[in-house]
Amino acid sequence: MNFELTEERQMLQDTLRRFLASDPADIWAQMAGLGIIGALFPEQSGGFGGAGFDLAVVFEEIGRADHDPGLIDNALLPGMLMLAAGRDVEGVISGEVKLGLAHAELAARYDLDWVETRADGDRLTGEKTVVVGAEDANLLIVSARVADGEISLWLVQPDAPGLTLNGYGIAQGGRAAEVSLNDTPAELLMDSALPAIRQAMAAATLAQMAETLGAMETAIELTRDYLGTRKQFGRPIGSFQALAHRFVDLMAELEQARSAVILAAGHLEAEPPVRDLHISAAKNLLGRAGRLVAEETIQMHGGIGMTEEYALGRFAKRITMADHRFGDTDHHLEQFIALTA
Amino acid sequence: MDLNFTAQDDAFRAEVRGFLTETLPDALADKVRRMQPLAKDDYIFWHAKLNARGWLAPDWPKRFGGAEWNAVERHIFEEECALAHAPRVVPFGLAMLGPVLQKFGSEAQQDHWLPRILDGRDWWCQGYSEPGAGSDLAALKTRAVRDGDHYVVTGQKTWTTLGQHANMIFCLVRTDPGAKKQEGISFLLIDMESPGVEVRPITLIDGSAEVNEVWFTDVRVPVENLVGKENEGWTYAKYLLTHERTNIAGVGFSRAGLETVKRIARRAQSRGRPLLENPHFAARVAQVEIDLMAMATTNLRIVSQAAAGQAPGVGSSLLKIKGTQIRQEITDLARRAVGPHAMPFASEALEGSNAPLPDPLDAGAVAGSYFNNRKLSIFGGSNEIQREIYAKHLMRDA
């Protein structure tokens, strides 16, 4: 066993950490230039990564920083579907193309196989909901059911007739949109797409968990600094056992979360039931640990932890809202039970 | 032991319910239900309606224009108001300053200020916390120096809720910097329109614009605005804090919140069935409901021990801890129930309160409400401070 990062991944981590700390402008183009987007995809597709541990390294750093450039929604998730359909992702890797995936629907909640949008010939009709990054996409991938009931994937131009985007801010930062399709022309990307959707979603879920882990690290570091410097009753508040012991509990949860992410990363390329069992285990654990870390780090800061101006609150929001994407704590508990029964 | 409300209590509940049905406009109740920020005029409107009925100050004695209800009546009233999604009554004048003036203020102060609280001429806010004095409130540094028949006040207060609407602020100020920290504090009433007062908004993570910093630079305050005796303000402050804690259990808010959770979870779908029928979600709801049933009775036991108009002493610390745990758990359930649709988010501070967002479950701002209500375990003496108060009481002989 070896829990050390390879030299290449260590370099990737260092590069990304320095880059994100520099508070970069035009972050997307620069990430492409540094090869960060390429690290999300395997060599045969023009990238130089794509393994679970590559995703874990990249997204943990993104989570640690006070930026969310949208790599999951505009590159990783739709990019993997393009690869599954035999298309290339060179434009994505070079930073020229941003993709989007419009899959989720209201009645689906967190289930990946619940699609009511219909494909009639090569025209799509339906309502997709909370599509993160939709407004930034140059090209949308849309899921729909065809006549035989199978879920298929389609390419849709953002300016296609019958397509409307209703965009808004989302609580974790960034934007999403309601995507409405009414007899909208589309190009078939792939048939019987559910296994590919599950695979891409597993990668996206891993990426988001690594991001949450990074955000938890920063929230905990900010809290440790605060406990050491904030004085009340003439002493640093971290010297009060009531807070110090609870802070140690957060450290224990953080290490649990780190191990869960490592386990999930190591099983991303496993057979689907094994892969999904580890993804669900980790997402359930991250949901529980994340809630504790977000709530306790705010509580230990007091009012200052609730202000938009101070970074802690923004990290706490990202950690909390991560539970509203790719299946929440309860959803993945049910998945885990079903997969281990 | 009799767990039933009396016939008189039931009649009172019916009367309150009738009043709410008649007086509370649907649009306003809807705003409260959907957790949207209320405008100043919403509060003023609701205060006026309650005042016209004589119900604005439930615990004030009748001679000051209050309803002088007992603990059970107050409980019924608060619960019915919350279930009807009535706006909360802004507590700073009514629940905090009012009782202090009634107990420690001069007759002239009572005659002048109390009617103005009731009829809305004054909107009060609270000048307690400072950047360096949160849980350790007695560490406050805002100075008041006597200069003839004025005090000259300099310093900074923070977390001043709804201070942007206020024309008056009651403040704890340091009048004797040489004394032990609790002993040099005075209780001053300050006109926010005085030269040298500046209010700066603080945006919170839910996007709300409800708290503020208040800065004082050489603000001149007439000495007749001193409440009680100079340097004895800490006694009054502690009295006020126990009053602040009387409705801290928030039973009515929790009942209303639980109804909201169930309403959302009936509408939200999980594999073609209402989420409320999902066993994991249903178990979470049931556990909170069980806790709330017991806590409502704990609340009644503790408040009915207290004499009318009096704070329930150290028991209020337990109520605050348990009550806020339950309320926060309910805001967490509402957020969970909505699922992916908890993400759409608008900032009141940046975009105003009416930014259009998709809300197919008619849930309102559940994520914002979850984040906003993290404050419940922080303000009014954090839950850590409540545990400290109770532990000191329990271990006083140790």
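The values are calculated or read from the model by the stated rules, or taken from the named source; none is laboratory data. Note that the coordinates shown come from a computational prediction; the quantities given were computed from them, not determined experimentally. Counting neighbours? That spans all protein chains shown, and the Cβs are built from the backbone with ideal geometry, glycine included. Remember, those area values only see protein heavy atoms, side chains included, never the ligands or the DNA or RNA. Shrake-Rupley method; radii C 1.70, N 1.55, O 1.52, S 1.80 Å.
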Given the options A:Thr229, A:Thr205, A:Thr297, state which has the largest fluctuation in a GNM of chain A using a 10 Å cut-off (strictly under) for Cα springs.
A:Thr229
Please give, to one decimal in nm, the separation of the simple spin-label points placed at B:Asp359 and B:Thr298, each 7 Å out from Cα toward the Cβ.
3.2
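Using R₀ = 30 Å, calculate the FRET efficiency as 1/(1 + (r/R₀)^6) where r is the Cβ-Cβ separation of B:Asn70 and B:Arg396; round to 0.05.
The pair B:Asn70/B:Arg396 has a calculated efficiency of 0.50.
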I'd like the accessible area for A:Thr15, computed on protein heavy atoms only with a 1.4 Å probe and all protein chains in place. Round to 10 Å², please.
40
Charge-dipole axis of the protein assembly as shown as Lys and Arg at +1 and Asp and Glu at -1 on Cβ define it, positive-most pick from B:Tyr239, B:Ala48, A:Ile72:
B:Tyr239
Pull up the cross-link candidates among the lysines for B:Lys229, meaning alpha carbon to alpha carbon under 21 Å and not fewer than 8 places away within one chain.
B:Lys103, B:Lys141, B:Lys180, B:Lys181, B:Lys238
Rounded to the nearest 10 degrees, the helix A:311-321 long axis (Cα) sits at an angle to the longest Cα principal axis of chain A of 50
Mind giving me the nanometre distance, one decimal, between the label points for A:Glu269 and A:Asn166, set 7 Å out from Cα along Cα→Cβ?
4.4
Hey, what's the protein assembly as shown come to in accessible area per residue, 1.4 Å probe, Å²?
42
Here the tail fraction of P(r) beyond 14 Å, over all Cα-Cα pairs of the stretch B:7-89, rounds in percent to 63
Heavy-atom accessible area, 1.4 Å probe, ligands and nucleic acids excluded: residues of the stretch A:213-256 down by at least 20 Å² from chain alone
A:Arg230, A:Gln232, A:Phe233, A:Arg246
In the stretch B:53-93, which residues have a backbone nitrogen under 19 Å from the label point lying 7 Å from B:Arg17's Cα in the Cα-to-Cβ direction?
B:72-87
Angle check, please: helix A:194-229 long axis (alpha carbons) against the longest principal axis of chain A (alpha carbons), in degrees 0 to 90, nearest 10.
20
For the pair B:Glu277 and B:Ala108, the simple spin-label estimate (label points 7 Å beyond Cα toward Cβ) gives in nm 7.1
At 1.4 Å probe size, with the rest of the protein present, what percent of the exposed accessible area of the stretch A:195-340 is carbon and sulfur atoms?
58
So how exposed is B:Lys40, as accessible area in Å² (1.4 Å probe, rounded to 10)?
80
Using a Förster distance of 60 Å, how high is the FRET efficiency between B:Ala7 and A:Arg235, based on the Cβ-Cβ distance and rounded to 0.05?
0.60
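222 nm [θ] for chain B, helices only, -39500 (n - 2.57) per DSSP H run of 4+, per residue, to 500? Mind showing how you got there, number by number?
Numbers: 13 runs with 175 residues, N = 398.
Mean residue ellipticity at 222 nm (helix-derived): -14000 deg cm²/dmol.
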Which pairs, out of A:Lys283/B:Lys262; A:Lys98/B:Lys375; A:Lys317/B:Lys320, put more than 28 Å between their alpha-carbon atoms?
A:Lys98/B:Lys375
Farthest toward the dipole's positive end in chain A, which of A:Val57, A:His267, A:Ala144, given Cβ charges of +1 (Lys, Arg) and -1 (Asp, Glu) about the Cα centre?
A:Val57
Go ahead and set up a Gaussian network model of chain B, Cα springs under 10 Å, then flag whichever of B:Gly163, B:Gly178, B:Gly155 fluctuates most.
B:Gly178
Heavy-atom accessible area ranking, 1.4 Å probe, most first, across A:Met1, B:Met343
A:Met1, B:Met343
